[in-house]
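One structure below.
The values are calculated or read from the model by the stated rules, or taken from the named source; none is laboratory data. Quick caveat: nothing in here was measured; it's all calculated off a predicted structure. Backbone-built Cβ (ideal geometry, glycine too); neighbour counts: all protein chains shown.
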Amino acid sequence: MHEKKTSYPNKTVKHQPRGMTILYEDKDIIVVDKAAGLLTMGTGREKENTAYFMLNDYVRKGNPRSRERIFIVHRLDRDTSGLLVFAKNEKAKRYLQDNWANFNKKYFAVVHGILQEKNGTITSYLAENSSFRMYSVTNPEMGKLSKTGYKVLKESEKYSLLEITLFTGRKNQIRVHFSEIGHPVVGDKIYGEKDKSAKRLALHSASLKILHPYTHKEMIFKAEIPSYIKTLVNE
């Protein structure tokens, strides 16, 4: 099990990336715990305040001519916190992406309401409309198969804390699936309810089990659940 940061003394404090904690690093991968509010990669409006940009600067130690770089393996939504894996070479990237569907990925989320079924699986085909909003369709030719497993861990009067197993990794998958069954994720401004009391999206990538791209050894990473998410069901 690898959950501690590997020390690289030549990486100065000056180039430590903001908005994330490096949990593990070697010559093939970097694993970070990303804060809510930080983009994984750039958009037309924002290019520098992203995990990708800052980690590139980190591995290059601020030297733009350096050949060191990172490669995007997967993404988290801006408002989702937790585990992100980046590759440090093309071969590692291809291996991780080719095997990503087989890796174990667990999330924690707080959703509105009390679920009648305390554990289950949500399956649909997800498609994207012209406004870049995801939605479920029944026709497999119109969308991509999406499968989300869940288990209720704790309930309050208004909310439920769920442990979620992501069997597929489609855009906004967790948020769409729980919104469509009437239990949107707390703080979801796109698929959810207007809730001014919500400080952030209550969705966290908490556990990831992968095979290392070079050694093929099993590695398990964990990111502690933010206290805000816990407090929602401690009322």
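Please tell me if V31 is hydrophobic (A, V, I, L, M, F, W, C), under 21 Å from F103 (Cβ atoms) and not in a loop (DSSP other than H, G, I, E, B).
Spelling it out, V31 is indeed hydrophobic (A, V, I, L, M, F, W, C), under 21 Å from F103 (Cβ atoms) and not in a loop (DSSP other than H, G, I, E, B).
Consider L55 carefully, then state whether it is farther than 30 Å from K158 by Cα, assigned to a strand (DSSP E or B), free of Cβ contacts under 8 Å to residues at least 60 places away in the same chain and not hydroxyl-bearing (S, T, Y).
no
Restrict the check to the range 212-219 and report whether at least one residue is modelled with pLDDT of 95 or more, exposed (fewer than 14 other Cβ atoms within 10 Å of the Cβ) and either among the charged types (D, E, K, R) or touching a strand residue (DSSP E or B) at 6+ places or on another chain (Cβ under 7 Å) (or both).
Yes, the conditions are met somewhere in the range 212-219.
Is it the case that the range 77-100 has a residue that's of a type in the set (K, R), under 17 Å from L203 (Cβ atoms) and in contact with a Ser or Thr (Cβ under 7 Å, 6 or more places away or on another chain)?
No; the residues of the range 77-100 include none that is of a type in the set (K, R), under 17 Å from L203 (Cβ atoms) and in contact with a Ser or Thr (Cβ under 7 Å, 6 or more places away or on another chain).
Filter the range 94-125 down to residues that are basic (K, R) and in contact (Cβ under 8 Å) with a residue 24 or more places away in the chain and give me whichever is surrounded by the fewest Cβ atoms within 10 Å (Cβ to Cβ).
Applying the filter and picking the extreme gives K118.
Just need a number here: residues in the range 165-187 that are over 18 Å from L96 (Cα atoms), in contact with a Gly (Cβ under 8 Å, 6 or more places away or on another chain) and either at pLDDT below 95 or surrounded by fewer than 19 Cβ atoms within 10 Å (Cβ to Cβ) (or both).
Number of matching residues: 2.
Cβ-Cβ distance below 7 Å, separation of 6 or more or different chains: which pairs start in the range 17-30 with a residue that is over 25 Å from D79 (Cβ atoms) and end on one that is in a strand (DSSP E or B)?
Listed pairs, sorted by first residue: D28/A87.
Would you say I114 is among the β-branched types (V, I, T) and assigned to a loop (DSSP other than H, G, I, E, B)?
yes
Based on what the data block shows, is S136 in a strand (DSSP E or B), over 20 Å from the mean Cα position of the chain (by Cα), more than 15 Å from L232 (Cβ to Cβ) and of a type in the set (G, A, S)?
yes
Of the residues A202, A198, A223, only one is free of Cβ contacts under 8 Å to residues at least 60 places away in the same chain and hydrophobic (A, V, I, L, M, F, W, C); which?
Answer to the selection: A198.
Within the range 73-93, which residues are outside any loop (DSSP other than H, G, I, E, B) and surrounded by fewer than 17 Cβ atoms within 10 Å (Cβ to Cβ)?
Listed by number, the residues that qualify are E90, K91.
If I190 passes every condition in (1) buried (at least 18 other Cβ atoms within 10 Å of the Cβ); (2) aliphatic (A, V, I, L, M); (3) modelled with pLDDT under 95 but one, which one does it miss?
(1)
Of the residues I122, I30, which is modelled with pLDDT of 95 or more and farther than 19 Å from A206 by Cα?
Result: I122 is the single residue among I122, I30 that is modelled with pLDDT of 95 or more and farther than 19 Å from A206 by Cα.
Checking G143 against (1) over 21 Å from the mean Cα position of the chain (by Cα); (2) surrounded by 16 or more Cβ atoms within 10 Å (Cβ to Cβ); (3) more than 18 Å from K171 (Cβ to Cβ); (4) of a type outside the set (K, R), only one condition comes out false. Which one?
(3)
Of everything in the range 34-49 that's closer than 23 Å to K91 by Cα and of a type outside the set (A, V, I, L, M), which residue is modelled with the highest pLDDT?
T40
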